[in-house]
Amino acid sequence: MNPKFQAPKGVSEYLPPRSNLFDYVSRTLTAPALAAGYELIELPIFEDTELFTRGVGESTDVVSKEMYTFEDRGGRSLTLRPEGTAGVMRAVIEHNLDRGQLPVKLYYRGPFFRAERPQAGRYRQFYQFGIEAIGVNDPYLDAEVIGIAYSGYRKLGLTNFSLHITSLGDAESRDRHRSDLIKFINSLNLDEETKARAAKNPLRLFDDKREEIRSKMQTAPLLLDYLNDESQDNFTAVQAALKSIGVPYEINPHMVRGLDYYTGTTFEFVHKGLGAQSGIGGGGRYDGLMETLGGQDLSGIGFGLGIDRVLLAMESEGCVPTNIRYVDLYVIPLGVPAQSSAFALVNELRHAGFVIEQSFGDRALKGAMKAADKSGARFAIVLGDAEIASGTVELKEMSTGKVSSVTLSTLASELAKRS
Ligand code: HAM
């Protein structure tokens with residue numbers, strides 16, 4: 001017997017009918033970005049490994065433990081993209097998108113890859129919807145970006161989540177905090193590996209999973225207390241802008257994002273019904289990233305929303321719509337001559353804008369009716385020799401079983417009337 005294959009461990013897959021929900025979630029999250037003028041950027045799934053080591057940062061788990069890296073046939077080191085921002089920056093720099101109107105406003109959707117330990121809501125291949133606004137540093141733009149994510153969640157019916165925000169300030173604020181934080185860390189009794197991690201990026205210790213490190217870090221100096229006037233004013237302006245569009249938030253000075261490029265405003269959306277993997281989206285400003293990757297010194301801000309987790313969040317809140325898949329009419333041809341008339345009729349109705357399914361093969365009427373029912377179609381017709389001869393069909397409303405006689409020539413307008 002041939003081997004039966006299984007999908008690799010920890011990947012998320014979407015099969016009908018849940019795939020319809022996945023598609024609906026992706027489209028709904030995208031709509032507010034389209035309304036704000038963001039345009040699609042479609043990027044390669046793999047990039048030069050160094051783009052991520054330099055862009056995302058070597059101190060991060062994402063780079064140090066979770067990358068799917070391989071050598072191609074030409075001996076180049078490539079990595080399956082663990083996130084979208086570095087790739088967007090690479091493309092913006094490579095194709096000079098930053099030489100025109102600013103900000104450059106882009107969105108992307110697709111699979112991302114991290115070799116994490118799989119569990120509910122944490123996958124090795126997962127899906128993100130993301131946006132990036134590059135080239136302008138303006139608190140209203142920060143609030144626009146955050147507001148787009150918020151509207152997407154609300155359009156999907158989510159309510160049991162909160163938005164955490166903080167500010168990592170400008171370079172001067174971060175430098176002052178960093179030197180005090182390093183002093184604090186040096187006063188702790190830490191193992192060599194943790195010390196090495198802290199040397200690369202001391203903020204990482206706030207993010208440590210171990211309870212003993214977490215409790216030691218409780219009294220560590222917080223960046224939010226080190227913001228200079230300019231950074232504080234900026235953060236205050238972002239909050240005022242969020243208030244003006246009705247986006248509720250909580251300030252969380254302990255928040256540390258898992259990627260090294262962040263500066264200024266950073267944020268995370270946390271869902272309360274998801275257990276450990278509660279982050280349904282996050283992002284922030286990244287002032288030095290573009291320059292680090294060889295481009296101009298331009299600021300940017302963006303987010304990545306985890307589509308898989310948003311879907312789980314909707315299921316946990318019970319706000320999954322039941323009527324996502326929409327079929328107007330199911331056509332059942334009976335007998336060979338009717339098949340060709342039915343095939344042409346289905347084509348015509350689809351061109352007229354209706355969603356039509358038809359039964360194929362030599363199906364008995366009972367089986368075909370069952371399929372019509374399962375398809376979720378609102379109406380069904382049977383097309384046999386008698387119907388073709390009379391030019392009339394019985395239009396059956398599936399939910400009520402009500403039947404009305406309709407001429408084939410008026411079928412489209414009758415469907416439109418009932419929609
Ligand atoms: P991130 O916080 O690493 O940010 O990921 C964004 C979202 O992707 C998370 O909030 C989560 O919902 C989802 N996610 C991450 N890892 C997994 C996983 N293993 N399984 C399922 N879902 C996951 C970024 O990736 C940044 N590039 C966001 C950004 C854009 N910042 C600025 N611009």
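For segment 301-307, backbone phi angles converted through the Karplus equation (6.51, -1.76, 1.60; θ = phi - 60°) give residue-by-residue couplings of 8, x, 8, x, 10, x, 4 Hz, Gly and Pro being listed as x. Approximating the spin labels as points 7 Å out from Cα along Cα→Cβ, the Ser419-to-Glu13 distance works out to 3.5 nm. Running a GNM on the chain with Cα contacts under 10 Å, which residue among Val327, Val56, Val238 ends up with the highest mean-square fluctuation? Maximum among the listed residues: Val327. Rolling a 1.4 Å probe over the protein heavy atoms of the chain, with every protein chain left in place, gives an accessible area that is 51 percent carbon and sulfur. A protection proxy built from the mean count of other Cβ atoms within 10 Å ranks the segments 266-276, 192-202, most packed first, as 266-276, 192-202.
Here the simple spin-label model places points 7 Å from the Cα toward Cβ, and for Val136 and Leu40 these points are separated by 2.5 nm.
Given Cβ point charges of +1 (Lys, Arg) and -1 (Asp, Glu) and nothing else, what value in debye, to the nearest 20, does the dipole of segment 16-148 about its Cα centre take? Please list the in-between numbers first.
Numbers: 15 positive and 19 negative charges, 102 e Å.
Charge dipole, segment 16-148, about its Cα centre: 480 debye, nearest 20.
Counting Lys and Arg as +1 and Asp and Glu as -1 over every other residue whose Cβ lies under 12 Å from the Cβ of Gly55, the net charge comes to -4. Figure legend: label point modelled 7 angstrom from the Cα of Ile251 along Cα→Cβ; residues of segment 150-173 with amide N under 12 Å from it are 165-168.
Label zone of Asp225 (point 7 Å out along Cα→Cβ, amide N under 18 Å): in segment 195-215 this covers 202-207, 214-215. Among Ile245, Ile165, Ile148, the residue with the largest mean-square fluctuation in a Gaussian network model of the chain, with springs joining Cα atoms closer than 10 Å, is Ile245. Listed by chain and number, the lysines placed with their C-alpha closer than 20 angstrom to that of Lys9 are Lys65; residues fewer than eight positions away on the same chain are left out.
How much accessible area per residue does the chain have, in Å², with a 1.4 Å probe?
Numbers: 20850 Å² over 419 residues.
The answer is 50 Å² per residue.
Shape class of segment 327-417 from the Cα gyration tensor (axes a ≥ b ≥ c, square roots of the eigenvalues): rounded, since a/c falls below 1.5. Between Arg325, Arg214, Arg378, the GNM of the chain built on Cα springs shorter than 10 angstrom shows Arg378 fluctuating the most. Work from the charge dipole of segment 68-203 (Cβ charges, +1 for Lys and Arg, -1 for Asp and Glu, about the Cα centre) and give the residue of Ala196, Gln125, Pro103 farthest towards its positive end. Working it through, the farthest residue towards the positive pole turns out to be Gln125. Note on the chain: dipole from Cβ charges, positive end direction compared against Ser316, Val238, Gln218; the farthest Cα belongs to Ser316.
Here segment 327-417 is assigned +1 on the Cβ of each Lys and Arg and -1 on the Cβ of each Asp and Glu. Its dipole about the Cα centre then comes out at about 260 debye.
Mind checking the dipole of the chain: about its Cα centre, +1 per Lys or Arg Cβ, -1 per Asp or Glu Cβ, Debye to the nearest 20? Mind dumping the intermediate values first?
Working: 47 positive and 54 negative charges, 301 e Å.
Charge dipole, the chain, about its Cα centre: 1440 debye, nearest 20.
Dipole of segment 327-417 computed with +1 at Lys/Arg Cβ and -1 at Asp/Glu Cβ about the Cα centre; of Ala380, Ser359, Met398, farthest Cα towards the positive end is Met398.
The values are calculated or read from the model by the stated rules, or taken from the named source; none is laboratory data. Keep in mind the model is a prediction, meaning the values are calculated, not measured. Note that each Cβ is placed from the backbone with ideal geometry, even for glycine, and that neighbours are counted across all protein chains shown. These accessible areas exclude ligands, DNA and RNA; they are computed on the full protein's heavy atoms, side chains included. Shrake-Rupley method; radii C 1.70, N 1.55, O 1.52, S 1.80 Å.
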